[in-house]
Amino acid sequence: MRSRFTAFALGDESHLLASWHPDTRPQSCPPDPGTRWLHLTIDDTVDGSPFHREGEVEFTAVYRDAEGRGELHERSNFVRVDGRWYYVDGVHSAGRG
């Protein structure tokens with residue numbers, strides 16, 4: 001999750017796509033030049049250890065855009081394939097603060 005947040009912050013579309021599970025990966029996910037990602041807080045994790053095949057990460061990502069400061073809150077699902085974790089999907093909400 002942290003590497004994906006960093007990729008969003010740096011606009012690294014290639015890392016985002018490479019870390020996305022092929023079954024749910026979009027064709028592209030271009031960065032939004034008007035959004036500046038500020039910081040990430042991991043709120044909860046379920047499974048996801050070296051002994052698990054699946055895991056969940058609940059996080060809050062803080063950003064700033066033309067409308068001001070905002071937060072993205074998501075519970076993300078990951079799966080491990082050949083020792084590497086891939087983002088599958090997530091349920092999220094956004095808010096202004």
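The values are calculated or read from the model by the stated rules, or taken from the named source; none is laboratory data. Bear in mind that the values here come from a model prediction, so they are computed numbers and not experimental data. Counting neighbours? That spans all protein chains shown, and the Cβs are built from the backbone with ideal geometry, glycine included.
In table form, for the structure just shown:
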{"quantity": "Number of the exception - residue 71 against (1) out of contact with any Asp or Glu (no Cβ under 7 Å at 6 or more places or on another chain); (2) within 17 Å of residue 91 (Cα to Cα); (3) in contact (Cβ under 8 Å) with a residue 24 or more places away in the chain; (4) crowded, with 16+ Cβ neighbours inside 10 Å", "calculated": "(4)"}
{"quantity": "Residue 13 being among the charged types (D, E, K, R), under 16 Å from residue 89 (Cα atoms), touching a Ser or Thr at 6+ places or on another chain (Cβ under 8 Å) and at pLDDT 95 or above", "calculated": "no"}
{"quantity": "Single unsatisfied condition, residue 49 versus (1) surrounded by 13 or more Cβ atoms within 10 Å (Cβ to Cβ); (2) small (Gly, Ala, Ser); (3) within 17 Å of residue 2 (Cβ to Cβ)", "calculated": "(1)"}
{"quantity": "Subset tally (residues that are surrounded by 10 or more Cβ atoms within 10 Å (Cβ to Cβ), under 28 Å from residue 66 (Cα atoms), without any contact (Cβ under 8 Å) to a residue 24 or more places away in the chain and out of contact with any strand residue (DSSP E or B) (no Cβ under 6 Å at 6 or more places or on another chain)) for the range 15-46", "calculated": "6"}
{"quantity": "Filtered residues of the range 32-46 (kept if under 9 Å from residue 61 (Cα atoms) and not hydrophobic (A, V, I, L, M, F, W, C))", "calculated": "39, 41"}
{"quantity": "Qualifying residue in the range 71-91 (condition: more than 18 Å from the chain's Cα centre (by Cα) and assigned to a strand (DSSP E or B))", "calculated": "no"}
{"quantity": "Qualifying residue in the range 52-60 (condition: in a loop (DSSP other than H, G, I, E, B) and out of contact with any Asp or Glu (no Cβ under 9 Å at 6 or more places or on another chain))", "calculated": "yes"}
{"quantity": "Every residue from the range 1-25 that is within 17 Å of residue 79 (Cβ to Cβ) and over 13 Å from the mean Cα position of the chain (by Cα)", "calculated": "22, 23, 24"}
{"quantity": "Exclusive hit being more than 22 Å from residue 24 (Cα to Cα) and of a type outside the set (Val, Ile, Thr), set 94, 61, 66", "calculated": "66"}
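This table checks each residue for (1) within 18 Å of residue 17 (Cα to Cα); (2) without any contact (Cβ under 8 Å) to a residue 60 or more places away in the chain; (3) aliphatic (A, V, I, L, M); (4) in contact with a helix residue (DSSP H, G or I) (Cβ under 6 Å, 6 or more places away or on another chain).
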site: 55; (1), (2), (3), (4): no, yes, no, no
site: 58; (1), (2), (3), (4): no, yes, no, no
site: 63; (1), (2), (3), (4): no, yes, no, no
site: 80; (1), (2), (3), (4): yes, yes, no, no
site: 88; (1), (2), (3), (4): yes, no, yes, no
site: 91; (1), (2), (3), (4): no, yes, yes, no
